[in-house]
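Inspection log for the structure reproduced underneath, given as structure tokens.
Every number here is computed from the coordinates shown, using simple stated rules; none is lab data. Please read all numbers here as calculations on a predicted model, not as lab measurements. Neighbour counts are summed over all protein chains in view; Cβ atoms, including those assigned to glycine, are modelled from backbone coordinates with ideal geometry.
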């Protein structure tokens, strides 16, 4: 198709597209005007790409099916990600906040007592970086970065255990 044929295609197939949308949309109950608009956008893109369509009727049928599937996926994704009002979300009690802050301070103090290179690698690991990223940032092999990070993590655990035993 070419850009010049867009109007012709729309005039010739708009009614058929609307019928197909109505028929296939019966169980979904999406907004038919939005579906038609999406179909027209996709037809326009096909015209602009100079892609040849051998059977416009088959293309229209497939187009409506694709648009419905995409809309169903969009709806499912929106349902899967509920909006949470931060003001209505349960807030931790002040005592919990204080305990969490003290725990963070304990970890930071224990981390500071680890040798510099291990501390850097361990801190990056705790921030969620992969060993390959740590290696790139620190200018070393991935195996060396992994060893530093995990040895530092073990040392951090040991220091926190010792601190817990002393405090408890």
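Structure values in brief
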| read-out | value |
| --- | --- |
| Region 3-80 - convex hull of alpha carbons, volume per residue in Å³ | 86 Å³ |
| Burial ranking of peptide ranges 95-103, 153-161 (average Cβ count within 10 Å, highest at the top) | 153-161, 95-103 |
| Length-normalised contact order of the chain in % [C-alpha pairs under 8 Å, at least 6 apart] | 18 percent |
| Label of the coordinate-derived value, volume of the Cα convex hull per residue in Å³, listed as (1) 99; (2) 229; (3) 111 | (2) |
| The chain: angle of helix 32-48 to the longest principal axis, Cα-based, in degrees nearest 10 | 90 degrees |
